[in-house]
Amino acid sequence: MHKAMIVVLALILDRMLGEPRRAHPLVAFGNLAEHVENRLRAADNVQNRTRGVIAVAILLIPLTAGAAALAALPDIGPVASVMLLYLALGARSLQQHAVRVRTALVAADLKTARSAVACLVSRDTGNMTAIDVARAAVESVLENGNDAIFGALFWFVVAGAPGAVAYRVANTLDAMWGYRTQRYERFGWAAARLDDLFNFLPARLTALTYAFTGQLGSAVACWRRQGWRWAGSNAGTVMAAGGGALRVRLGGGALYHGRWRRRPALGLGAAPRPRDVDRALALVGRGIVLWVGIIGIAGLARAYA
């Protein structure tokens, strides 16, 4: 029950407080990562894969070791674990960003909707239609359900606070460096591959979660037929299952960094509408309840075994 209680408390803190408004550790980490990149990334791009591996190690190992040391302290270890898991979660932040997009779409304020969805996705949003914005928001809610919630919970259950911190570090570095651009294709290789490894199991458990808390048959069908076609199988698995669970059509071409990228279709049915952003958030919310229940039952089983 120890881990189950920590999970519940961390989720409550996230629900009540959201992300820290001042001195957010991820902001400080982002600044540190930028400093490491500036010191290590080479202009000629020849040795950048090796330098990217070194950069990831410099950032990952000390933070994970520090989290392990804090969690092991006899008096404040459990409190530290709650705080570290809370900082690794982003459920309320995801909801707030998504609701801003939906509110702007309902008000037919496309300019504000584009600006709001730009906080959720890395693609170019300046020329998006209302349907494009709604689709991007739903995709982001589904994908970040894994990245900002279920992945962190999975690694906390597996490896405690150090696991959750390591997962968040890998996820953040991938978001910063994991682009297939000339600047990051080699330097960001290690960050992207590490994030792929960390998310392999969580992504499939997230897809299963969406299936059981949405339209089961269509979620499983879309997962099997479409997930592997996506450029990243983890994201493809999550969004295909989520699109099927909601019975909405996702995917399709999009503009990234000024270049049009062809993407396969995911899910089924009609294109998303503003209300589907709320439906995606509700799907993630039901998934959180399911995970808390399973973690709690597992804790009880171990306590009375």
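The values are calculated or read from the model by the stated rules, or taken from the named source; none is laboratory data. This one's a predicted model, so the numbers in the text were calculated from it and none came from an experiment. Quick reminder, even Gly has a Cβ in these numbers, built from the backbone with ideal geometry, and neighbours come from all protein chains shown.
Select from the stretch 27-39 the residues that are surrounded by fewer than 17 Cβ atoms within 10 Å (Cβ to Cβ) and touching a residue at least 24 places away in the same chain (Cβ under 8 Å) and list them in ascending order. Selection gives G30, L32, E34.
Kindly evaluate V56 against the criterion of being more than 23 Å from S93 (Cβ to Cβ), surrounded by 14 or more Cβ atoms within 10 Å (Cβ to Cβ) and within 23 Å of the chain's Cα centre (by Cα). Break it down stepwise before answering.
On the way: more than 23 Å from S93 (Cβ to Cβ): yes; surrounded by 14 or more Cβ atoms within 10 Å (Cβ to Cβ): yes; within 23 Å of the chain's Cα centre (by Cα): yes.
The answer is yes for V56.
Looking only at the stretch 40-65, residues that are out of contact with any Gly (no Cβ under 9 Å at 6 or more places or on another chain), touching a residue at least 24 places away in the same chain (Cβ under 8 Å) and under 18 Å from R168 (Cα atoms) come to 7 in all.
Among the residues that make up the stretch 59-71, is at least one of them under 26 Å from the mean Cα position of the chain (by Cα) and of a type in the set (V, I, T)? Within the stretch 59-71 (the criterion being under 26 Å from the mean Cα position of the chain (by Cα) and of a type in the set (V, I, T)), the answer is yes, since at least one residue qualifies. Scanning the stretch 194-224 for residues that are surrounded by fewer than 18 Cβ atoms within 10 Å (Cβ to Cβ) and under 13 Å from the mean Cα position of the chain (by Cα) turns up D196, F200. Listed by first and then second residue, the pairs with beta-carbon distance under 8 Å, at least 6 apart or on different chains, first residue in the stretch 8-22 and closer than 20 Å to F150 by Cβ, second loosely packed, with under 15 Cβ neighbours inside 10 Å, are G18/Q96. Of all the numbered requirements in (1) under 16 Å from A136 (Cβ atoms); (2) part of a loop (DSSP other than H, G, I, E, B), G242 misses one, and that requirement is (2). Residue check: Y184 meets all listed conditions (1) among the aromatic types (F, W, Y); (2) buried (at least 22 other Cβ atoms within 10 Å of the Cβ); (3) part of a loop (DSSP other than H, G, I, E, B); (4) free of Cβ contacts under 8 Å to residues at least 60 places away in the same chain but one, namely (2).
If the condition is being β-branched (V, I, T), in a helix (DSSP H, G or I) and closer than 25 Å to G287 by Cα, then the stretch 80-127 contributes V82, V99, V101, T103, V117.
Criterion applied to I288, I297 was being in a helix (DSSP H, G or I), without any contact (Cβ under 8 Å) to a residue 12 or more places away in the chain and not hydroxyl-bearing (S, T, Y), and the one residue passing it is I297. Answer yes if at least one residue in the stretch 255-272 is within 25 Å of V7 (Cα to Cα) and at pLDDT 95 or above, and no otherwise. No.
Would you say R92 is charged (D, E, K, R), in contact with a helix residue (DSSP H, G or I) (Cβ under 6 Å, 6 or more places away or on another chain), without any contact (Cβ under 8 Å) to a residue 60 or more places away in the chain and surrounded by 13 or more Cβ atoms within 10 Å (Cβ to Cβ)?
no
Among the conditions (1) in a helix (DSSP H, G or I); (2) of a type outside the set (S, T, Y); (3) surrounded by fewer than 13 Cβ atoms within 10 Å (Cβ to Cβ), G66 misses just one, which is (3). Looking across the stretch 165-181, the residues that are farther than 16 Å from V27 by Cβ, touching a residue at least 40 places away in the same chain (Cβ under 8 Å) and surrounded by 20 or more Cβ atoms within 10 Å (Cβ to Cβ) come down to A166, Y167, A170, W177. Please specify each residue of the stretch 255-269 satisfying the condition of being within 21 Å of the chain's Cα centre (by Cα), of a type outside the set (S, T, Y), in a strand (DSSP E or B) and more than 15 Å from R229 (Cα to Cα). Passing the criteria: only L255.
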